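Asker: Structure below; questions to follow.
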Amino acid sequence: MDNGNEARKRPRPVVSCLRCRDKKLRCDRSIPCTNCAKVNIASDCVYNSQGIQSARKQQRTISPENDNADISSFISKRDGVSRFPEAKKFIDSCADEPVIRNLANEVEYLQQRVLETAYPKKRLSGVESAASFALKRLRRNLPPRAICDNLVEGYKLSFETSMRILHIPTFERQYRTFWKCPDLEPSEQSAFIPQLTAILAISFAIDQGHTIMDPAIGSYLETDALDLVSTWIEALEKKERIEMSTLQTETLLLLSRHFRNLSYDKLWRVSGSLVRSAMLMGLHLPPHAFSEISVFQAEMRKRLWMTIVEMDLQASMAAGMQSIIPDLDFTHHIPQNLNDSDFDEMSTELPPAKPLHENTSSLAQVTLAMSLPQRLKVTSLVTRTTPEMDLVKAVVEGRRLEEFLRHIPAPLKVEQALQHYLPALLNTVMLDMFIRRPLLCLYRPLLLEDRPDDLSFMEIQQVCLESSIRILEYQNDFNPCTSNLNLPNIESYWNVFQICFRSDCLRAALNVCQSIKSAPSNSQVTSPSTLPAMRIGNPSYSHPSSPQSQFATSGLAQVVENLLEGLEQRIGEPESELKDNYFLSVVLQSVRTRGPSQKKMPLLHEAAKNTLQACKNRLLQSLPPEPPRRQSIPRPMMLEQVVYQWGMVSTELDPYSQYQQMGMFNSSDGNVSLYDTWGL
C-alpha cells in the first residue's frame, strides 16, 4: 500500500484513442494503436488533442462517459456539503489521512461481502443477466446490413430534424465500426446495439415492406424489438442509466412507441418519466454550470433536452394533461443553428451559428426551441380556460404564437417543401403543427360561448377556421388519392401522418362544421383558396369581414368530405375508429342542410347508412374472398362507446364534446342531436 503521507495523486489524463476509450481497452498510444490495427479499423483510430495537451498540464480531461458523474457531483456540491465549509474542509483532508482512508476501504469491502452473501443473485447477477439476455437477443435478431443501411438512411432523412437526438457523424462512425467487427461480444457494444435497434424500429414506420421483404423481420421490428430495448434499459445499473447514450436510446424508444399507436395517456406517462431521467442528469440546468463538459457534449445536451421537452409538451396536449416541464429560462438551452459536420467530439469551441434563413440539420429544432417558452405559457393557460375567460388576454397570447408561425424560416415553409420530397414535407408539417397545436388548444374552449358582437371572439373564430383548413389541406397532401405529389412510398408517409395528426384532423373538421353551422343561409365563409391572404400567413391581412376572404360554404363542406374519404380508406388500419366516420358524416349532413330537424331526419339517416356501407365495402375488399356473413353491431355497446368518448371526458381528450355543449346537435335549433342520430 502507498505511504499514507504521500500527496494524493491527480487523476490520470485520458490519452487513449477514442475507440479504446469507448471500449475501455488498454491503448498503446501508437498511430494506429495495436487494438485498432488488430481489427482492421486503422482509419478510425483517432485521438483527442485536448487530452494530449491536458496530459502535459496534468489537468483532468472529461470523457463523455464521465460527464454525468461530474454533473451529479455538481448538484450534490451545490445542495450538500458546500454549505458547511468546515465539514467540507475536513472531508477533503480525509483523502490524505491513512487511518480514515483505510477504514473506509475496509467498510466498503465488508459491505460488498454482506450484500453478496445476503443477496447473491437478486442484487448482482440477476440484473446483469437480464441486461445480458436482452442484449444477446437484440444482437441475434438484428437484420442484415443491407436492410439496416436503408432503414438508418430513412431515419436520418425523416426524423432527425425537429427531434434532434443523435450526432449523425458520430453515430455513422460507430455504425461503420460495428459492421467491421459484427462478431464481437455484445457486451462490448452494449450501448450501440439497443440504440441501433430503436432507430430501425422508428424507420420501419415509413418503410412498411419497401425495404424489408422478410415478414419475420418486419414483425420483429414492429413488436419484440421495442420490448427487448425496454428490457435492456430497465435492467441497467444506476450508473449506466444516467449515461448520455442510455438517455438517447430511451428517447428513441419513446419515439418508436409513438408510431405504434400507443395511447395518449401512456405516451404522457412515459414522456414524463423521460423528463425526470433527463433532469436527473442535469439537462435542465444551464450548460455553463458545468464548465468541465466539452462544447460537443454541451451542445448535444441542449439538443436532447429540447427534444425531450418537445415530446412531453406534445404528449401532454394530446392527453389533455399538464406538462411536467418546470418553469425555466430556456434562453441558454436553445441549440445553435449548425450542421452536425460543423463540430465533433474534438472541437474546442463551436463555430458561429448560421443565420436562420440558412437551412441546416438543426434549423427546425432551433425554430421550435425559440417558440417553446410561449407555447408552454399558452398550454398552462389552457387548463384555466373557460368560455367566460377574458378574450382579450387569450388573443394577446395567441397572437404571439401566430408571430412564430409567420416567421418560420423560408427553408421550412410547407410551400417550399412541396417542391422537394416527402421527408422534407413531413418535417415542415410537423414543425407547423407543433406550433399550431397550442394555439388551437387555447382558442377551442373559448368557442363554447357565442359572442358575435365581440371583435376578439370574431378573431378567434377566424384563426381557428384558418388553422383548421390548413390542417385538412395537409392531410390532402399526404393522401395518395388526393395528393398532387407523384412520389414513391407516399402510402407510408400517409400512415405516419395519420398516426401523428389524426386527432388534429378530426378537431379541424369539426371547427369547419361549426363555421358552416354559424354562417347564415346563402352566406360565405373563408375559403381554403384564400389562405395565402389570411392573417396568419400575411401581416397585411385585414378584418375577417374583408370581402377577399369570403367563400361559399360548399367549399368548406368539400374539405370535410375529403377527410371523410380519407377515414374511409383507412377503416382497416389499427388507429381507425368507426365512430369517427359515423359521427362526422352525420355532423356534416346536419350543418350543411337547412331547415327543421324533422325534415332533415331522412337525410341524416341516408348519410349514416352510406357511411357504414362504404366502410363495409372497403373492409370486404381487404378480406380474402368468402361468402359474406351478416354481423350486426350491438347498438347499446356502440352507443355507450360514443357517449363515453364524445360526452363524458374533457374537451382536450374529446374533440367533439365542445360542439355538443354548444348545442351543435340540439334539435331545438334545427340541428340533430346525438341521441336523435341513434333514434333515441
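The values are calculated or read from the model by the stated rules, or taken from the named source; none is laboratory data. What you are looking at is a predicted structure, and each value in this text was computed from that prediction instead of being measured. Cβ coordinates were reconstructed from backbone atoms using ideal geometry, including for glycine residues, and neighbour counts include every protein chain displayed.
Asker: Is it the case, given these coordinates, that residue 168 is surrounded by 23 or more Cβ atoms within 10 Å (Cβ to Cβ), among the aliphatic types (A, V, I, L, M) and closer than 30 Å to residue 428 by Cα? It would help to see each step written out before you state the result.
Answerer: Details: surrounded by 23 or more Cβ atoms within 10 Å (Cβ to Cβ): no; among the aliphatic types (A, V, I, L, M): yes; closer than 30 Å to residue 428 by Cα: yes.
Against the criterion (surrounded by 23 or more Cβ atoms within 10 Å (Cβ to Cβ), among the aliphatic types (A, V, I, L, M) and closer than 30 Å to residue 428 by Cα), residue 168 does not qualify.
Asker: Only one residue in 371, 362 is within 22 Å of residue 309 (Cα to Cα), touching a Lys or Arg at 6+ places or on another chain (Cβ under 7 Å) and small (Gly, Ala, Ser). Which one?
Answerer: Being within 22 Å of residue 309 (Cα to Cα), touching a Lys or Arg at 6+ places or on another chain (Cβ under 7 Å) and small (Gly, Ala, Ser) holds for just one of 371, 362, which is 362.
Asker: Which of (1) at pLDDT below 90; (2) part of a loop (DSSP other than H, G, I, E, B) does residue 282 not meet, given it meets every other one?
Answerer: For residue 282, the exception is condition (1).
Asker: For segment 578-606, which residues satisfy the criterion of being assigned to a loop (DSSP other than H, G, I, E, B) and either surrounded by fewer than 15 Cβ atoms within 10 Å (Cβ to Cβ) or among the aromatic types (Phe, Trp, Tyr) (or both)?
Answerer: Initial filter on segment 578-606 (assigned to a loop (DSSP other than H, G, I, E, B)): 593-596.
Of everything in segment 578-606, those that are assigned to a loop (DSSP other than H, G, I, E, B) and either surrounded by fewer than 15 Cβ atoms within 10 Å (Cβ to Cβ) or among the aromatic types (Phe, Trp, Tyr) (or both) turn out to be 594, 595, 596.
Asker: Quick check: is even one residue across segment 624-641 outside any loop (DSSP other than H, G, I, E, B), out of contact with any strand residue (DSSP E or B) (no Cβ under 7 Å at 6 or more places or on another chain), aliphatic (A, V, I, L, M) and modelled with pLDDT of 80 or more? If you could, list the steps in order and put the result at the bottom.
Answerer: If we filter segment 624-641 for residues that are outside any loop (DSSP other than H, G, I, E, B), which is where we start, we get 635-641.
Then drop every residue that is not out of contact with any strand residue (DSSP E or B) (no Cβ under 7 Å at 6 or more places or on another chain), which leaves 635-641.
So of that shortlist, the ones also aliphatic (A, V, I, L, M) come out as 637-639.
Going one step further and asking which of them are modelled with pLDDT of 80 or more, we end up with none.
No.
Asker: Tell me which residues, restricted to segment 402-423, are in contact (Cβ under 8 Å) with a residue 40 or more places away in the chain and either charged (D, E, K, R) or within 22 Å of residue 381 (Cα to Cα) (or both).
Answerer: Step one: of segment 402-423, the residues in contact (Cβ under 8 Å) with a residue 40 or more places away in the chain are 402, 405-406, 408-412, 414, 418, 421-423.
Scanning segment 402-423 gives 402, 405, 406.
Asker: Name, by its number, the condition in (1) within 30 Å of residue 138 (Cβ to Cβ); (2) at pLDDT 90 or above that does not hold for residue 334.
Answerer: (1)
Asker: Whether any residue in segment 443-456 is surrounded by fewer than 22 Cβ atoms within 10 Å (Cβ to Cβ), among the aliphatic types (A, V, I, L, M), touching a residue at least 40 places away in the same chain (Cβ under 8 Å) and in contact with a helix residue (DSSP H, G or I) (Cβ under 6 Å, 6 or more places away or on another chain) is what I want to check.
Answerer: For segment 443-456, residues surrounded by fewer than 22 Cβ atoms within 10 Å (Cβ to Cβ), among the aliphatic types (A, V, I, L, M), touching a residue at least 40 places away in the same chain (Cβ under 8 Å) and in contact with a helix residue (DSSP H, G or I) (Cβ under 6 Å, 6 or more places away or on another chain): present.
Asker: Applying the selection to segment 405-424, what residues are among the hydrophobic types (A, V, I, L, M, F, W, C), in a helix (DSSP H, G or I), surrounded by 14 or more Cβ atoms within 10 Å (Cβ to Cβ) and over 20 Å from the mean Cα position of the chain (by Cα)? Don't jump to the end; show me each part of the working.
Answerer: Applying the first criterion (among the hydrophobic types (A, V, I, L, M, F, W, C)) to segment 405-424 yields 405, 408, 410, 412, 414, 417-418, 422, 424.
Add one more test, that the residue is in a helix (DSSP H, G or I), and what stays is 405, 410, 412, 414, 417, 422, 424.
Next, from what is left, pick out any that are surrounded by 14 or more Cβ atoms within 10 Å (Cβ to Cβ): 405, 412, 414, 417, 422, 424.
Within segment 405-424, 417 is the sole residue that qualifies.
Asker: Which of the residues that make up segment 375-387 are without any contact (Cβ under 8 Å) to a residue 60 or more places away in the chain and either assigned to a helix (DSSP H, G or I) or under 21 Å from residue 325 (Cα atoms) (or both)?
Answerer: Passing the criteria: 377, 380, 384.
Asker: Additional query: Give the number of residues within segment 79-108 that are assigned to a helix (DSSP H, G or I) and either at pLDDT 70 or above or not charged (D, E, K, R) (or both). Working first, answer last.
Answerer: Within segment 79-108, the subset assigned to a helix (DSSP H, G or I) is 79, 81-83, 85-94, 98-108.
Subsequent filtering for residues that are either at pLDDT 70 or above or not charged (D, E, K, R) (or both) retains 81-82, 85, 87, 90-94, 98-108.
The qualifying residues number 20.
Asker: Of all residues in segment 327-381, which are surrounded by fewer than 14 Cβ atoms within 10 Å (Cβ to Cβ) and within 21 Å of residue 439 (Cβ to Cβ)?
Answerer: Once the filter is applied, which keeps residues that are surrounded by fewer than 14 Cβ atoms within 10 Å (Cβ to Cβ) and within 21 Å of residue 439 (Cβ to Cβ), segment 327-381 yields only 327.
Asker: Let me confirm something: among 463, 429, which residue is under 21 Å from the mean Cα position of the chain (by Cα), modelled with pLDDT of 90 or more and crowded, with 20+ Cβ neighbours inside 10 Å?
Answerer: None of the other options fit; the residue is 429.
Asker: Tell me the residue from 402, 397 that is crowded, with 20+ Cβ neighbours inside 10 Å, over 30 Å from residue 492 (Cα atoms) and either within 23 Å of the chain's Cα centre (by Cα) or among the acidic types (Asp, Glu) (or both), please. Step through it out loud before you land on a result.
Answerer: Values: 397 fails: crowded, with 20+ Cβ neighbours inside 10 Å.
Testing whether each residue is crowded, with 20+ Cβ neighbours inside 10 Å, over 30 Å from residue 492 (Cα atoms) and either within 23 Å of the chain's Cα centre (by Cα) or among the acidic types (Asp, Glu) (or both) leaves just 402.
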